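All remarks here apply to the structure that follows.
Computed from the coordinates by the stated procedures, all read-outs in this text should not be read as laboratory data. The structure presented is a predicted model; accordingly, all values stated were derived computationally and were not measured. Every residue, glycine as well, gets a Cβ built from its backbone with ideal geometry; the counts of neighbours run over all protein chains shown.
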Amino acid sequence: MKKSYKHFNKMERLELFILLKKGYYQKDIARALNKSPSSISRELKRNQVNGEYCPDKANHKAYSRRLYSKTYSLKIISNSKLREYIHLMTKEKYYWTPNMIANRINKWLVKWLKNTKICSKTIYNYINNTIYWQELKPYLFSKMANWSNKSKRKWKHIIPNMINISERSEKANNRTEIGHFEFDTMWAIRTDFHRVTGWIDRYSRKVFFHKVKRLNKSMRYGFKFITKKVDWIIKTWTFDRWVENVNHKSLWINIFFCDAYSWWQKWSIEQAFLRLRRFINKKSSIQNLSNYKLHKYQEILNNMPMECLNRKTPNEIFNEHFII
């Protein structure tokens with residue numbers, strides 16, 4: 001028989017009380033209430049008063065336990081500094097996720113919050129189960145569709161003189177040196193002529209976005225844009241095998257290409273586009289999206305702490321080496 005694992009209600013507690021008085025065993029009571037025997041045992045153990053089970057007192061004990069449980073995040077509600085910090089970092093200016101906030105607090109802000117540590121689940125519970133859910137929930141990160149592995153497909157080589165990513169230096173592969181970039185173009189709907197291009201430094205995870213008018217201009221414009229922004233010579237670039245990268249030899253720089261349908265070989269820029277989708281809906285047009293607004297989203301992402309950077313932000317890591 002399939003059991004439904006739900007909290008006991010008033011009628012079920014009354015039936016449990018009556019069946020206990022009649023001398024039924026716990027297994028028989030569980031079968032009658034369509035509950036697990038362990039649920040019956042747990043209910044009797046938790047909600048007895050002076051060794052006796054009373055349905056009214058059991059209801060009151062269960063209500064009190066639920067009211068003051070961790071689900072309602074009393075740790076956050078009772079700490080005004082912590083509550084204000086969560087609201088500030090979640091809202092429009094920063095867009096930090098609960099995981100980012102928890103990691104930042106536990107790594108750098110424990111003393112400031114009087115040795116208070118917190119986990120991301122507590123912050124999620126606070127947002128979902130308090131009166132602030134309408135205020136904070138719109139800023140939470142939404143789940144995106146999973147990528148599919150298409151590496152077994154055959155690929156027709158349309159880009160001449162490609163250098164495979166296997167020949168890239170160890171410093172670029174291990175992310176031990178700044179200046180190795182990944183490049184890609186974000187998917188757009190068919191009616192859009194404009195495209196959002198992105199470049200990300202593999203070491204610092206600092207990302208740059210810009211909107212271009214045509215897909216075939218994305219690579220050359222991206223190179224001009226990023227060389228104006230940074231004052232050092234770019235060491236390498238990693239591309240995929242799509243048509244916008246055909247004229248890669250005109251850049252006179254070390255360029256490496258991923259294997260066919262191997263998106264994970266430029267994982268950083270794919271993740272950057274995934275996080276950018278928080279602000280740009282996948283089914284919406286980008287024709288009216290200005291570069292000013294796009295650069296604003298870029299700064300939000302670059303000011304988010306990352307676990308792979310020891311809870312620091314990409315801007316903090318990047319500014320330790322260069323100043324734009």
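Considering amide H positions built from the backbone, and no H for Pro or chain starts, which residues 5 or more places from Lys312, or on another chain, come under 5 Å of its amide H?
For Lys312, the qualifying residues are Met306.
Using 0.36 nm per residue of separation minus the Cα-Cα distance, give me the extension gain between Asn161 and Asn129 in nm, one decimal.
5.8 nm
Compute the distribution of all C-alpha to C-alpha distances in segment 233-289, in bins of 10 Å from 0, and list the percent of pairs in each, rounded to whole numbers.
Here the calculated profile for segment 233-289 is 18, 38, 35, 9.
Collect residues whose amide H, placed 1.01 Å from N in the peptide plane, falls under 5 Å from the amide H of Thr238; neighbours closer than 5 in sequence don't count.
For Thr238, the qualifying residues are Phe181, Glu182, Phe183, Phe256.
Using only the Cα atoms of segment 73-127, what are the Rg and Dmax in Å?
When restricted to Cα atoms, segment 73-127 yields Rg and Dmax of 10.0, 28 Å.
Under the Karplus relation 6.51 cos²θ - 1.76 cosθ + 1.60, θ = phi - 60°, what is the ordered set of whole-Hz ³J(HN,Hα) values for segment 43-49, x standing for Gly and Pro?
Using θ = phi - 60°, the values come out as 5, 5, 6, 6, 10, 6, 10 Hz.
Would you tally the net charge around Asn164, using a Cβ to Cβ cut-off of less than 12 Å, leaving Asn164 out, and scoring K and R as +1, D and E as -1?
Combined, the nearby Lys, Arg, Asp and Glu give 0.
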